[in-house]
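Chemist: Attaching a single structure in structure tokens format; questions to follow.
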Amino acid sequence: MDGVDVAGRVDGRTARAERTRAAIVEAHLALISEGDLRPTGERIAERAGISLRTLWTNFKDMETLFEASGAEVLRQQDAAHRPISTGLPLPKRVDAYCRQRARLLQLIAPSARAAQMREPVSEQLHRNRLKHIERVRDEVEELFAVELAEAGPGREQLLNALVAASTWQAWSMLRYGLGLGVDQARAVMARTVGALLAEVAPD
């Protein structure tokens with residue numbers, strides 16, 4: 001029984017620690033979504049209902065918190081992502097892809113804007129961004145495999161152009177640089193992606 005009791009206490013502590021870490025990440029992302037793009041440890045701890053000491057017991061520094069929050073944003077994106085059939089005609093694939101990219105980019109907009117401010121001095125935020133780019137790259141390679149194959153020696157250049165047109169940096173320019181609404185920005189993305197692919201689309 002003693003062994004069972006010890007195991008139960010250990011499991012209980014582990015579960016509490018996981019709940020605390022989840023609450024901290026939730027508080028961090030909630031503050032960002034409300035416009036506090038550079039929340040301090042004090043504000044995060046207060047929002048999570050814990051002490052500052054507890055915050056730094058669970059996360060040794062902001063970089064480790066950025067890692068956990070980045071993983072949660074990716075999880076949310078994965079949950080919101082819907083597969084697009086590769087059997088659709090090219091115009092329908094482009095439309096479905098750009099609609100989904102617009103939706104997912106709006107989902108991550110607060111955290112992406114916050115990360116943009118701190119990434120020059122944060123290796124972890126840079127790693128987080130590379131993970132997002134890699135996922136976009138994987139989807140483009142799968143969804144537009146036929147057209148990419150048609151590009152021959154220009155495949156890599158076309159792939160890079162498609163990824164660049166549909167990641168956060170381009171979306172940020174459309175939304176906040178040019179001041180376009182979501183539908184307008186999506187239409188520009190669709191026009192760009194469609195034009196790039198039309199050059200190599202098989203007859």
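The values are calculated or read from the model by the stated rules, or taken from the named source; none is laboratory data. In this text, all values refer to a predicted model and were calculated from it rather than measured experimentally. Cβ placement follows ideal geometry from the backbone for every residue including glycine, while neighbour counts extend to all protein chains displayed. Just so you know, the surface numbers come from the protein's heavy atoms only, side chains and all, with ligands and any DNA or RNA stripped out. Shrake-Rupley method; radii C 1.70, N 1.55, O 1.52, S 1.80 Å.
Chemist: If you plug each phi of segment 172-177 into the Karplus form 6.51 cos²θ - 1.76 cosθ + 1.60 with θ = phi - 60°, what whole-Hz ³J(HN,Hα) values come out, in order, with x for Gly and Pro?
Modeler: Taking θ as phi minus 60°, the curve returns 4, 4, 5, 7, 9, x Hz for segment 172-177.
Chemist: Going by average Cβ neighbours within 10 Å, how do the peptides 191-199, 23-31 rank, with the highest at the top?
Modeler: So the peptides 191-199, 23-31, ranked by packing, come out 23-31, 191-199.
Chemist: Further question: Per residue, how much accessible surface does segment 1-154 expose to a 1.4 Å probe? Answer in Å², no decimals.
Modeler: Result: 58 Å² of accessible area for each residue.
Chemist: Return the whole-Å distance between the Cα centroid of segment 146-177 and the Cα centroid of segment 36-108.
Modeler: Centre-to-centre (Cα) distance: 22 Å.
Chemist: Mind pulling the per residue volume of the convex hull built on the Cα atoms of segment 47-99? Å³ is fine.
Modeler: Residue-normalised Cα hull volume stands at 106 Å³.
Chemist: Quick one: dipole size for the chain, taken about the Cα centre, charges +1 on Lys/Arg Cβ and -1 on Asp/Glu Cβ, in debye to the nearest 20.
Modeler: About 520 debye.
Chemist: Another one. Can you order the peptides 130-138, 58-66 by their average number of other Cβ atoms within 10 Å per residue, highest first?
Modeler: 58-66, 130-138
Chemist: May I pose another question? Tell me the net charge near L55. Cut-off is 12 Å between Cβ atoms, L55 excluded, with +1 for each Lys or Arg and -1 for each Asp or Glu.
Modeler: Net charge around L55: +2.
Chemist: Could you work out the helix-only [θ] at 222 nm for the chain, with each DSSP H run of four or more residues adding -39,500 (n - 2.57) and the total divided by the number of residues, to the nearest 500 deg cm²/dmol?
Modeler: My calculation for the chain gives -25000 deg cm²/dmol from helical runs alone.
Chemist: Using heavy-atom solvent-accessible surface (probe 1.4 Å) with all chains present, what is the largest-first order of I32, I84?
Modeler: I84, I32
Chemist: Please sort 117-125, 39-47, 176-184 by packing, taking for each peptide the average over its residues of neighbouring beta carbons within 10 angstrom, highest first.
Modeler: Final packing ranking: 39-47, 117-125, 176-184.
Chemist: Moving on. If one computes P(r) from the Cα atoms of segment 33-148, what percent of pairs lie at distances over 20 Å?
Modeler: Beyond 20 Å sits 51 percent of the P(r) for segment 33-148.
Chemist: Something else now. How are the Cα pair distances of the chain distributed, in percent, across 10 Å bins from 0?
Modeler: 8, 29, 27, 18, 11, 5, 1, 0
Chemist: Please pull out the direction-averaged projected area of segment 98-174, using the convex hull of its alpha-carbon atoms, in nm² to one decimal place.
Modeler: 5.5 nm²
Chemist: Quick one: with all protein chains in place, what share of the accessible area of segment 8-122 is carbon or sulfur, to the nearest percent (1.4 Å probe)?
Modeler: Roughly 53 percent of what the probe reaches on segment 8-122 is carbon or sulfur.
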